[in-house]
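Presented below is the structure to which this report refers.
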Amino acid sequence: MNEWLPGRDTELAEVERLLAGARAGRSAALVVRGEAGIGKSALLDRARSAAGDMVVLARVGIETESQLPYAALHLLLKDVVGGVDELPPVQTAALRSAFGLAAPGPAPDRFLVGLAVLTLLAELAAERPVLVVLDDAHWFDHASAEALLFAARRLDAESVVMLFAARTGHAPAFPAPGLAELALSRLDDDTARQVLDAGAADLPKHVKELLLREAAGNPLALRELPAAHRSDRAPVFPLGPPDAGRGGTAPTHSAVEREFAARIAALPETARTLLLVAAADGTCDTAVVFAAAARLGAGPQDMETVERERLIVFGDGCLGFAHPLVRTASYGSATFVAKQAAHRALADVLDALPEMDRRNWHRAAASIGPDEEVALALEESAVRAHERGSHEAVAAAYERAGALSPDGASKVRRLVLAAEAAAVAGHSDWAETIASCVTLHATDPVSRARLAMVRACLADQAGRPEDTHRLLLDAAEPVAAADPELAAEMLLWVVEAGWAARDRTVVERAAATAVALRLPGPPLRAHAALAIAQLEDDPDAALPDAVAALAELAGCSGAGSPRATASLALWHLLLGADTVAHQLATAAERESRAAGTLGVLPRVLAALATARWHLGRWPDAAATASEGLRIARDTGQDQSIGELSVVLAHVAAAEGDEVRTAAVLADLDGRRLPPEFGANAASARSLLDLGLGRFEAAADRLAGAATCPRLRRSLPDLVEAAIRSGRRAEALDATERFERWAGHTGETWARAVALRCRALVHPGDGAAALFAEAAALHRADGEHPFEQARTDLLHGEWLRRARRRSEARGPLRAAVEAFEGLGARPWADRARAELRATGETRTVARPGPDVLADLTPQEMQVVRLAAAGLSNRDIGAQLFLSPRTVGYHLYKAFPKLGVASRAQLVRLDLPA
């Protein structure tokens, strides 16, 4: 048993393992969870002591700073902030803006701030390993926690260890998806008895047994309760209920809290005042606490009293509580009048310092009724929080400002802003609560429209598109006269919601409403036309309008942002314009990476990965989708997760990897995905079935899925599967539908595939001419090697069955070579089998080993950029990795590629 932390040998060994890994060049992150007093802080303290010559950065979360954006991160990095200017420029700008060190401007991308933190930690670790200790992380402001967790999830080869400690129960949640966790349980009976004996040897046995039961294995309680007994404050549970209040104080949540409350109640009044002021402040700003306490009659002698009682500790120039529950007990047991006086004193002291946001919150805490001056000050804090990119702090400040607003119009305006910020921050329940409250008081159409947009956003996030378009349609017409741009934005959203809900009536109603209200909106009309085309059962009716709308959209102003460009790329993909879509998505990716807009990148990468899949650039498609998937999971973007996973599933299916296909799709279980995702998954599984010759299974899967307008590109799969299964009527229907679609799109590859489908269902010798014409169009297109190889395979199969074996060998050889080049193993096997059946006796020359095949998607991305001449630092900025992790990936990739230096990478045939 460890003498310092009894009963924690396993946990200590885990921490020591992580520290040893950092010294060996590996990184790790760990979240330690447990109830108050269970030993989280002690474990982190032990890690700091064991760190030796490592660089140690430490920060304890503070409840009163939980609404100040990036407060915890700024204090954590205050001693190394000089290194910020050495980061890549966009990261420097983001971090300086987050810390309020830059001129007011656009809010920094929250994930770019996290990348800057990762890069800064990696730079520090270049000299010595780094240990980051983050205690009471549940009290960190959301912006800081998000940035730190983002960095933690990307640790790899930086020699950095990040340890988080978070309380379970009676504290805000601290979700940390993707990080390893360590739960501290209560001590077993034998260990608890040893801990108690160490500090209570003088107490009678029956008293110790009572204290053991009361402590229930909580280490802090085992240490504190003996002192309570000696001071006649021990619980008398055999004589009264466990939750009986003591000394007039309110009962608290646990034995430890009750013990602290009792100890505080026994202090002199001025000592209690000092403790309350420190609790109300919540920071370790000693000068401010002492100055405010002095205004209320407390002095240095009171500091000595609370130190002697082991309630407050003072070290490293910082005033802190011996345990977080001391603060909870002090503040919770004080009267409202006393709390008000403490907050007012703190606000008065801070009024002379450049601490406006802290001052404003203390003024708000001291306010009883409406106060426009304080509300206006909080509104200014909200504006500053927005500039620093913390939507949670914006929502909190506007909500409190609204509560303090004496004027009804100001109250509504501020609460609308609070609801909007809470929704943007992803706090659905909070946003709904605010919106419900303010809806009763909002009378002007603009406020009601903005509230409708908040609620529509929440409905959309909850997967209720029908509620989304209802809310927006109801509010759009009343606001059109006052704010036509807002009304147009709402109706554009209705179009998207109607499309997502597969409801053509809603889309048409939105378009008709826009016309009736004479709203500005070529983009709105074009989006409506595109949506209707995807919802129309008869493509002849709507596809011409869709093609024209796409051209109109491409010329619309405002299509230059990465998000808008990616949307335009996705619409091009829906109409088969893969080459243009790839160009657009590539431009959007370049813009996103240059600006560091990580929140937009998953959508951009989904468009780019899909285009690369269709264009036969499968390794790049997989690498792009894998990167996007990692970011989408971090940022909680379920729709992008689904789109990116579909690309990975299609690549795995085409390569004949059943296990990987199933794993990718199974990983999506439980996620909120768009309605058509089931059809997308069926498309991937049917492609696997086709490659493996399971035609009946493929036809069954696609019989329903291919009716989805977004899956028109799967119709050729249905044609092949159905004709092979003897289901000629299905094959004919699918052929006709695809022919109409291909004709309207005008895409060369689509017309080639349409001819292939017609050849498959053609009953006579005319199929040969159809196949030949399809092959000629494929050669003219030159951008869709998988489709061209499939046409060659089916052409060769038809020729062989027609006993034209010598003619069949040419297209079959081409198919083998193309499939092998793509890595489409089952398709290559099918083509080789057909070639053997023609009497081909010579061995088909196989290409040499693919040096890229063994690279992971991440390694592929890194190697490609390194071959283009980018430094590790530049590659890290583009891929949202630290430079050291980039170097680690290159170190692993070089042996696989058979090279020894970056200079040799340029000799390889790497995809652009």
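The values are calculated or read from the model by the stated rules, or taken from the named source; none is laboratory data. None of the values given here were measured: they were computed from a predicted structure. Positions of Cβ are generated from backbone atoms using ideal geometry, with glycine treated the same way; all protein chains shown enter the neighbour counts.
Residue-wise test of (1) more than 24 Å from R154 (Cα to Cα); (2) in a loop (DSSP other than H, G, I, E, B).
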{"residue": "T624", "(1), (2)": "no, no"}
{"residue": "L629", "(1), (2)": "no, no"}
{"residue": "S640", "(1), (2)": "no, no"}
{"residue": "H650", "(1), (2)": "yes, no"}
{"residue": "R660", "(1), (2)": "no, no"}
{"residue": "R671", "(1), (2)": "no, yes"}
{"residue": "A682", "(1), (2)": "yes, no"}
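Residues being of a type in the set (D, E, K, R), under 29 Å from T635 (Cα atoms) and modelled with pLDDT under 85 are entirely absent from the stretch 400-418.
Scanning the stretch 122-164 for residues that are within 20 Å of R17 (Cα to Cα), under 21 Å from the mean Cα position of the chain (by Cα) and of a type in the set (G, A, S) yields a single hit, A152.
Looking at the stretch 355-391 only, could you name the residues that are assigned to a helix (DSSP H, G or I) and β-branched (V, I, T)? Once the filter is applied, which keeps residues that are assigned to a helix (DSSP H, G or I) and β-branched (V, I, T), the stretch 355-391 yields V374, V383.
Would you pick out the residues in the stretch 560-598 that are touching a Ser or Thr at 6+ places or on another chain (Cβ under 8 Å) and in contact (Cβ under 8 Å) with a residue 60 or more places away in the chain?
Listed by number, the residues that qualify are L575, G576, A577, L598.
Would you say E643 is within 29 Å of G821 (Cβ to Cβ), without any contact (Cβ under 8 Å) to a residue 60 or more places away in the chain and buried (at least 23 other Cβ atoms within 10 Å of the Cβ)? Yes, satisfied. If a residue has to be surrounded by fewer than 17 Cβ atoms within 10 Å (Cβ to Cβ), polar (S, T, N, Q) and not in a helix (DSSP H, G or I) to count, how many in the stretch 179-226 make the cut? The number of residues fulfilling the criteria is 1. Looking across the stretch 882-907, just one residue is part of a loop (DSSP other than H, G, I, E, B) and touching a Ser or Thr at 6+ places or on another chain (Cβ under 9 Å), and that is S882. Tell me which residues, restricted to the stretch 597-609, are touching an Asp or Glu at 6+ places or on another chain (Cβ under 7 Å) and not in a loop (DSSP other than H, G, I, E, B). Passing the criteria: V604, L605, A606, L608.
Of all the listed residues (A352, A345, A442), the sole one being more than 24 Å from P106 (Cβ to Cβ), in contact with a Leu (Cβ under 9 Å, 6 or more places away or on another chain) and in a loop (DSSP other than H, G, I, E, B) is A442.
Any residue in the stretch 413-434 that is in contact with a helix residue (DSSP H, G or I) (Cβ under 9 Å, 6 or more places away or on another chain) and at positive phi? For the stretch 413-434, residues in contact with a helix residue (DSSP H, G or I) (Cβ under 9 Å, 6 or more places away or on another chain) and at positive phi: present.
Could you go through the stretch 127-141 and let me know if any residue there is over 19 Å from A98 (Cα atoms), in contact with a Gly (Cβ under 6 Å, 6 or more places away or on another chain) and not in a helix (DSSP H, G or I). So far as the stretch 127-141 goes, yes, one or more of its residues are over 19 Å from A98 (Cα atoms), in contact with a Gly (Cβ under 6 Å, 6 or more places away or on another chain) and not in a helix (DSSP H, G or I).
Okay, residues lined up against (1) farther than 19 Å from L319 by Cα; (2) among the charged types (D, E, K, R); (3) not in a loop (DSSP other than H, G, I, E, B):
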| site | (1), (2), (3) |
| --- | --- |
| A36 | yes, no, no |
| A42 | no, no, yes |
| A47 | yes, no, yes |
| L57 | no, no, yes |
| A72 | no, no, yes |
| V84 | yes, no, yes |
| T92 | yes, no, yes |
| S97 | yes, no, yes |
| G100 | yes, no, no |
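Within the stretch 78-101, one or more residues are closer than 17 Å to V160 by Cα, touching a strand residue (DSSP E or B) at 6+ places or on another chain (Cβ under 8 Å) and among the aliphatic types (A, V, I, L, M).
Just one of the listed residues (G7, G83) is of a type in the set (G, A, S) and at pLDDT below 85, and it is G83. Return the residues of the stretch 645-682 that are small (G, A, S), in contact with a helix residue (DSSP H, G or I) (Cβ under 9 Å, 6 or more places away or on another chain) and over 15 Å from A621 (Cβ atoms); say none if nothing qualifies. Of everything in the stretch 645-682, those that are small (G, A, S), in contact with a helix residue (DSSP H, G or I) (Cβ under 9 Å, 6 or more places away or on another chain) and over 15 Å from A621 (Cβ atoms) turn out to be G656, A662, A663, G678, A679, A681, A682.
In the set (1) modelled with pLDDT under 90; (2) buried (at least 19 other Cβ atoms within 10 Å of the Cβ); (3) farther than 19 Å from R612 by Cα, the condition left unmet by T841 is number (2).
Checking every residue in the stretch 442-465 against the condition of being over 29 Å from A401 (Cα atoms) and crowded, with 18+ Cβ neighbours inside 10 Å gives at least one match.
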